[in-house]
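One structure below.
Coordinate-derived values only; no laboratory data. Quick caveat: nothing in here was measured; it's all calculated off a predicted structure. Every residue, glycine among them, receives a Cβ derived from its backbone with ideal geometry; neighbour counts consider all protein chains shown.
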């Protein structure tokens, strides 16, 4: 039997955490929660479900998740966000996986997102394959934003969806785009990328076309239209913010520091 530690990073997640933790019953041999300064009932809820509680000052998503894996007692880790839950088919897949010797060191699952009151079936959001199950000595997260697992070798795939409850209002979506594009620009700048003008003007239109037309966003109705619009806006903002960092460097401004 493969023993599994489920790792979750949190910050003021009292609204989401009970749903996430409840879905782990009979799946997790251990639950590890790494918190970056919650002021609500996150700590109390985590302990009610028997989770091991750790605190770490925020640095970035990859660092927090890697620290959580370090805190785990088992070699196998399932990384989960507080606003997610395991679907019944995914629970079945994980239970079956636990009974046999793993063939791969990393496994991916499809993630399905609940956006503005409905499940998104297209728009480039589904199936949104995420690499979440892994041996902690064979893989680690990297990246300041949209962190992903770095590993060697082939990956496996589990059936069943990881359910993602995101964006309860359009205003929240706008705020998320602002935050993530700032991080994305900082990451591109740190990686030495300096070309931004052409991408800022031409990439947004291509992004919209991909998500709304090629990826079937039109089949998600007005939600698909909003997703395509905000994806295009995110591309424009990301490169505009990169341009600001590049110009600040030329001007000798401290703004260029990521």
Quiz prompt | Gain upon complete extension [residue 151, residue 195; 0.36 nm per residue less C-alpha separation] | solution = 13.0 nm
Quiz item: Tell me, 151, 146, 250 in order of fewest to most beta-carbon neighbours within 10 Å?
Solution: 250, 146, 151
Self-check item: Of all DSSP beta bridges in the chain, antiparallel share, percent nearest 5
Solution: 45 percent
Self-check item: Inter-label distance for residue 36 and residue 250, nm, one decimal - labels placed 7 Å from Cα along Cα-to-Cβ
Solution: 3.2 nm
Quiz item: Once a ≥ b ≥ c are taken as the square roots of the eigenvalues of the Cα gyration tensor of region 24-158, is the result rounded (a/c under 1.5), prolate (a/b larger than b/c) or oblate (a/b not larger than b/c)?
Solution: rounded
Quiz item: With springs only between Cα atoms under 10 Å, which of 117, 192, 217 fluctuates most in a Gaussian network model of the chain?
Solution: 192
Quiz item: Tell me, 165, 115, 134 in order of fewest to most beta-carbon neighbours within 10 Å?
Solution: 165, 115, 134
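Using only helices, what value at 222 nm comes out for the chain when you add -39,500 (n - 2.57) per DSSP H run of length 4 or more and divide by the total residues, to the nearest 500 deg cm²/dmol?
Theoretical 222 nm ellipticity from helices: -12500 deg cm²/dmol.
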Self-check item: Answer label for Cα extents along the principal axes in Å (calculated), chosen among (i) 72, 31, 30; (ii) 56, 44, 40; (iii) 50, 44, 35
Solution: (ii)
Quiz prompt | Relative contact order of region 17-122, defined on C-alpha pairs under 8 angstrom at six or more residues apart (%) | solution = 29 percent
Quiz prompt | residue 26-residue 137 FRET efficiency (beta carbon distance; Förster radius 35 Å; 0.05 resolution) | solution = 0.85
Self-check item: Under 19 Å from the residue 12 label point (7 Å along Cα→beta-carbon), backbone N, region 51-66
Solution: 55-61
Self-check item: Whole-Å distance, taken between Cα centres, linking region 120-143 and region 145-213
Solution: 13 Å
